Amino acid sequence: MTVDQQTPSVPGQGTPTQKRRSRKDEILGIAVRLFASRGYHGVSMDDIGSAAGVTGPALYHHFAGKEAMLVAALIPVSESLLAGGRERVAEHDRDPRAALESLIAFHVEFALANPAVIALHLHELDRLPEEPRRQIRRLQRLYVEEWVQVLTVLRPELSAGEARVMAHAAFGLMNSTPFLGGEVERERRAVLLRAATLSALLHAK
């Protein structure tokens, strides 16, 4: 797996270009990158502290443990995707094609900015306790339904179930960023991902 070595920006917690990140956010970003590259069980709290340049007691001041870091990373992601999806659908409530293009651009940007978060979600979600895992699944389902709503208006021949299948397939395409190398520059990757996703959703029979 290839995961960009930038420190992930967890949606809902700001990015370096939006505001100065807190020390807690910086530590969380480092933990996410380590989990994504080595696996949850391959990383200790000492590893995270060493990478972040903090001692054990300082690390536990921010997080109770690795499990708490997973929760802190993944729940804001799901909340922010849902909020962003709803915002874009509302902005284009009279134009389903524009709504779909906006949803795709939004998700592609997230996927390119956060490949480590995506890898973490794909491989480590089941490490969470039942309640936060259920919360994340619920948020994900609601996000999917924003796409289903747009697709069934844009393509009325599709049933809700068929639109749901296509939405999940689109996520698979856009969420391929952890596996993409750096041989294609970022903006070109964005263009390719947007175009491929739009084509798949509009033209699949």
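The values are calculated or read from the model by the stated rules, or taken from the named source; none is laboratory data. Here the structure is a predicted model, which means the values were calculated and not measured. Virtual Cβ from ideal backbone geometry, glycine too; neighbours counted across all protein chains shown. Surface areas here come from the heavy atoms of the whole protein model, side chains and all, with no ligands, DNA or RNA. Shrake-Rupley method; radii C 1.70, N 1.55, O 1.52, S 1.80 Å.
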Item to complete: Quick one, could you list the DSSP H helices from the chain stretching 27 Å or more along their long axis (Cα atoms) with average Kyte-Doolittle hydropathy of -1.0 or above?
Response: 66-91, 130-154
Worksheet item: GNM on the chain, C-alpha springs below 10 Å: top fluctuator among Pro115, Pro178, Pro96?
Response: Pro96
Worksheet item: Per-residue ellipticity at 222 nm for the chain, helices alone: DSSP H runs ≥ 4 residues times -39500 (n - 2.57), over residue total, nearest 500 deg cm²/dmol?
Response: -23000 deg cm²/dmol
Worksheet item: If Lys24, Lys205, Lys66 are ordered by their accessible area, calculated over protein heavy atoms with a 1.4 Å probe, which sequence runs from highest to lowest?
Response: Lys205, Lys24, Lys66
Worksheet, complete the sentence: One finds the C-alpha centres of the stretch 89-167 and the stretch 43-80 to be spaced, in Å, by 26 Å
Worksheet item: Of the trypsin sites (Lys or Arg not before Pro) in the stretch 86-126, which ones lie in a loop per DSSP and count no more than 10 other C-beta atoms within 10 Å?
Response: Arg94
Response to the item:
SASA check, Tyr40, accessible area w/ 1.4 Å probe, all protein chains in place, rounded to nearest 10 Å², comes out at 30 Å²
Fill in: Principal axes of the stretch 17-89: Cα extent on each, largest first, Å
44, 27, 20
Practice prompt. Working from the alpha-carbon coordinates of the chain, get Rg over Rh, Rh being the Kirkwood radius.
Written response: 0.99
Worksheet item: GluC sites (Glu not before Pro) within the stretch 135-165: which are DSSP loop residues with at most 16 other Cβ atoms inside 10 Å?
Response: Glu157
Item to complete: Hey, can you find the accessible area per residue of the chain for me, probe 1.4 Å, expressed in square angstrom?
Response: 50 Å²
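Report, to the nearest whole %, how much of the accessible area of the chain belongs to carbon and sulfur atoms, 1.4 Å probe, protein only.
On the way: 5330 of 10300 Å².
Carbon and sulfur together cover 52 percent of it.
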